[in-house]
Each structure stands twice: as structure tokens, then as C-alpha cells.
Amino acid sequence: MFLWEVGKRKTLLPHELFTFFCLTGWAARKCLMVIENVEKVLAIELMAACQALDLQRPLKATEKLEKLHHHVREVAKVEYMAQDYVFSEYIERLSQEIRNNNIVKVVTSSH
């Protein structure tokens, strides 16, 4: 970026200011899209982890993982998948739980 010297102050050239502010809004929207996609990826990974725990029964996982599994199955109402489904509803539910910080609260709660 080129600076334009006015007296003793250096400032951006007018067209660079325009470009900077135009790209800032776009970058913020792009960042929000990335965050939403990460929430969906985490939701899918969480569904897969819960499915893996179910397939390993009667073995038990750690207490925190069992609490998380219970939360996903009972509170978020993501069912065991015995066959292929359209997962978009489950992904959206778990994304919402992640967005609302409920997953972190379940794992970090002491009881």
C-alpha cells in the first residue's frame, strides 16, 4: 500500500482506502462462512464419534465422553444410525449445540 503524505501525516491514497474498506466487508463475510462450515464439520465428526461408541458397546468410554454421548443422543436428539439417512437435520442440530457452546459446557462440567 502506498502512503500519501499530507503535511507531516501519511495516509492511504483515496483509491486504496476504497479497496481496503470494500475488502474488509468481504473478508468478514468470508470468515463467517468459514466458521459456519467448521461448525458443520465438527457436527459431522461428533456424529461419527457417537456412532463409533455405539458400535463398541458394551465397552464404556471415559465419563466425559459418555456424558457427551448422552447429550448428543438424548438432548440433541441425534439417533443411532442403523442405516443411511439424510443427515442434514442432525448436522444442523449439532451445529446449533456447538454454536451455543453447549458441547463445551457438557464436557467441562464437573458433575
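The values are calculated or read from the model by the stated rules, or taken from the named source; none is laboratory data. Since the structure is predicted, the reported quantities are computational estimates derived from the model, not experimental observations. Counting neighbours? That spans all protein chains shown, and the Cβs are built from the backbone with ideal geometry, glycine included.
Return the residue satisfying two criteria in turn: it lies in region 49-68 and is in a loop (DSSP other than H, G, I, E, B) and of a type in the set (D, E, K, R), and of such residues it is farthest from VAL106 (Cα to Cα).
Start the filter on region 49-68 by keeping residues that are in a loop (DSSP other than H, G, I, E, B), which leaves 56-62.
When the remaining residues are screened for being of a type in the set (D, E, K, R), the result is 57, 60.
On the way: ARG57: 21, LYS60: 18 Å.
Once the filter is applied, the top-ranked residue is ARG57.
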Just wondering, is there one or more residues in region 9-23 that are farther than 20 Å from ASN100 by Cα, in a helix (DSSP H, G or I) and modelled with pLDDT of 95 or more? no
Can you work out which of the residues in region 69-91 that are over 16 Å from the mean Cα position of the chain (by Cα) and part of a helix (DSSP H, G or I) is modelled with the lowest pLDDT? VAL75
Consider ILE44 carefully, then state whether it is surrounded by fewer than 12 Cβ atoms within 10 Å (Cβ to Cβ), β-branched (Val, Ile, Thr) and either in a helix (DSSP H, G or I) or touching a residue at least 60 places away in the same chain (Cβ under 8 Å) (or both). no
If I ask for residues that are small (Gly, Ala, Ser) and not in a helix (DSSP H, G or I), which ones from region 92-111 would you list? SER109, SER110
How many residues are hydrophobic (A, V, I, L, M, F, W, C), surrounded by 10 or more Cβ atoms within 10 Å (Cβ to Cβ) and under 11 Å from GLN51 (Cβ atoms) if we restrict to region 61-86? 3
